[in-house]
Amino acid sequence: MSNTDYKKMYDKIFKAMGELTPLSADCGKLCGHACCKGDGNTGMRLFPYEETNLSVKELDSGVRLAVCSGECNRAERPLACRIFPFFPTIDDRGRIFVEADTRAQRLCPLITHSDEIIFDKRFFKAVKRVGKILAKDKECREFLIASTEEIDTYADFLGEAK
């Protein structure tokens, strides 16, 4: 795909997500907006060919992070911020599932208290649709596979059954 095609794909993805969040209320009130306390060094992973107006830090591993100072224009948030703390995982047959991203567990109470919370089902449908859109592109599908493996490995480390 060309850069223009990727821009169109992400525009479609952001439109699918809209303003949906895991809860119908501001989940940041539960944790003091822990996921939005940027320090100028840490950030959220960018998906393949995702562009951002935020500062980008490239790690030695090639991972690109959108780095923020703790405040941003919500309309310009990267995809990882829009779907946090969940992720569209992919199985061996190419099916997309939406799962809690165990990598976010130390930061987000939505992960550790998920059995006590009533989530917005529209959010999960949108994240699943996002996963299906991403899976159509070879590099994005490979990113989903690698991220799914990382999430599963972390869950195994924590002793959480899938």
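Here, each number is a calculation from the coordinates, and none is a lab measurement. Nothing here was measured: the structure is a model prediction, and the numbers come from that model. Every residue, glycine as well, gets a Cβ built from its backbone with ideal geometry; the counts of neighbours run over all protein chains shown.
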Rank LYS128, LYS29, LYS138 by mean-square fluctuation in a GNM of the chain with C-alpha springs under 10 angstrom and give only the top-ranked residue.
LYS29
If amide hydrogens are placed 1.01 Å from N in the peptide plane, which non-local residues have theirs closer than 5 Å to the one on SER55?
VAL67
Could you point to the residue in THR42, TYR154, VAL127 farthest towards the positive end of the stretch 3-157's charge dipole, with +1 and -1 charges on the Cβ of Lys/Arg and Asp/Glu respectively?
VAL127
Which Rg and Dmax, in Å, describe the Cα atoms of the stretch 3-157?
14.8, 42
Let me know the Rg and Dmax you get for the stretch 71-162 when you use only its Cα atoms, in Å.
13.4, 39
Under the Karplus relation with 6.51, -1.76 and 1.60 and θ = phi - 60°, whole-Hz ³J(HN,Hα) for the stretch 127-138, x at Gly and Pro, equal 5, 5, 4, 4, x, 5, 5, 4, 5, 6, 9, 4
Looking at this model, which pairs from LYS57/LYS138; LYS8/LYS37; LYS12/LYS121; LYS29/LYS121 are more than 28 angstrom apart at the alpha-carbon?
LYS8/LYS37
Per DSSP, loop GluC sites (Glu not before Pro) in the stretch 114-162 with at most 15 further Cβ within 10 Å:
GLU160
Cα lying deepest toward the dipole's positive end in the chain, options VAL63, THR112, PHE87, charges on Cβ
PHE87
Report, by chain and number, residues whose modeled amide H sits under 5 Å from the one on GLU50, excluding near sequence neighbours (fewer than 5 apart, same chain).
none
When the Cα centres of the stretch 39-74 and the stretch 111-158 are compared, how far apart do they sit, in Å?
19 Å
Residue with peak Gaussian network fluctuation, the chain [Cα springs, cutoff 10 Å], from ASP120, ASP39, ASP92:
ASP92
Please give the calculated 222 nm ellipticity per residue for the chain, where each DSSP H segment of at least 4 residues contributes -39500 (n - 2.57) and the sum is spread over every residue; nearest 500 deg cm²/dmol?
-11500 deg cm²/dmol
